[in-house]
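> Before I ask anything, let me first share the structure, which is written out below as structure tokens.
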Amino acid sequence: MSNTKLVRLFSGEDILAKVISGSDSVTLQEPILILPAGEGRIGFSPYCPFTESDITIKNEHVVFVVEPTTALSDNYLQATTGITVPSNGGLIV
């Protein structure tokens with residue numbers, strides 16, 4: 001199980017990030033904002049592009065933290081590392 005989570009804030013923002021849960025807050029590492037891109041598609045944008053630090057948000061501002069779909073996790077991995085996950089799960093030779 002990955003520590004990559006989908007976080008929804010009370011502001012309505014959906015964020016993909018590596019999440020560390022605390023007693024009264026969540027810390028987001030490498031957060032990416034999910035944006036509607038039209039015609040049922042989505043796009044990614046850095047959540048806070050002006051910092052390279054982790055971002056800590058109080059739990060009172062968080063609606064939920066859930067596991068993203070496999071496709072969303074794979075896209076997050078590609079966006080943050082450049083690694084492309086093969087669609088058939090086979091070996092790349």
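> Could you pull out every residue, at least 5 positions away or on a different chain, whose amide H is within less than 5 Å of the one on Tyr47? Hs are placed 1.01 Å off N in the peptide plane, and Pro or chain starts have none.
Ile32, Leu33
> Tell me whether region 1-42 comes out rounded, prolate or oblate; compute the Cα gyration tensor, take square roots of the eigenvalues as a ≥ b ≥ c, and use a/c under 1.5 as the rounded threshold. Please list the in-between numbers first.
Working: a/c = 3.06, a/b = 1.81, b/c = 1.69.
Prolate shape, in that a/c is at least 1.5 and a/b is the bigger ratio.
> Moving on to the next point. Exposed loop chymotrypsin sites (Phe, Trp or Tyr not before Pro) only (DSSP loop, at most 14 other Cβ atoms within 10 Å): please give the longest stretch of the chain free of them, not including the sites.
51-93
> While we're here: Of the heavy-atom accessible surface of the chain (probe 1.4 angstrom), what whole percent is carbon and sulfur?
Carbon and sulfur atoms account for 54 percent of the accessible area of the chain.
> Would you mind computing, in nm to one decimal, how far apart the modelled labels at Gln29 and Leu9 are, each placed 7 Å from Cα along Cα→Cβ?
Placing both labels 7 Å along Cα→Cβ, they lie 2.0 nm apart.
> Modelled label-to-label distance, Phe64 and Lys18, 7 Å Cα→beta-carbon offset: nm?
Between Phe64 and Lys18, the label points sit 2.5 nm apart.
> Right, next: Can you give the helix-only mean residue ellipticity at 222 nm for the chain, where every DSSP H stretch with n ≥ 4 adds -39500 (n - 2.57) and the sum goes over all residues, rounded to the nearest 500 deg cm²/dmol? Walk me through the numbers before you get to the answer.
Details: 1 runs with 12 residues, N = 93.
Mean residue ellipticity, 222 nm, calculated: -4000 deg cm²/dmol.
> How big is the charge dipole of the chain about its Cα centre, in debye rounded to the nearest 20, if each Lys and Arg gets +1 on its Cβ and each Asp and Glu gets -1 on its Cβ? If you can, show how the numbers build up before the last one.
Working: 5 positive and 10 negative charges, 24 e Å.
Once rounded to the nearest 20, the dipole reads 120 debye.
> Run the quick spin-label model on Ile83 and Asp54: label points 7 Å from Cα toward the beta carbon, then report their separation in nm to one decimal.
2.0 nm
> Whole-Hz ³J(HN,Hα) for each residue in region 29-34, computed from phi via Karplus 6.51 cos²θ - 1.76 cosθ + 1.60 with θ = phi - 60°, x for glycine and proline: what do you get?
After applying 6.51 cos²θ - 1.76 cosθ + 1.60, I find 10, 6, x, 10, 7, 8 Hz.
The values are calculated or read from the model by the stated rules, or taken from the named source; none is laboratory data. Remember, predicted model here, so these are calculated numbers, not experimental data. Cβ sites come from the backbone with ideal geometry, for glycine too, and all protein chains shown count toward neighbours. For the accessible areas, the whole protein counts, side chains as well, though only heavy atoms, and no ligand, DNA or RNA atoms are used. Shrake-Rupley method; radii C 1.70, N 1.55, O 1.52, S 1.80 Å.
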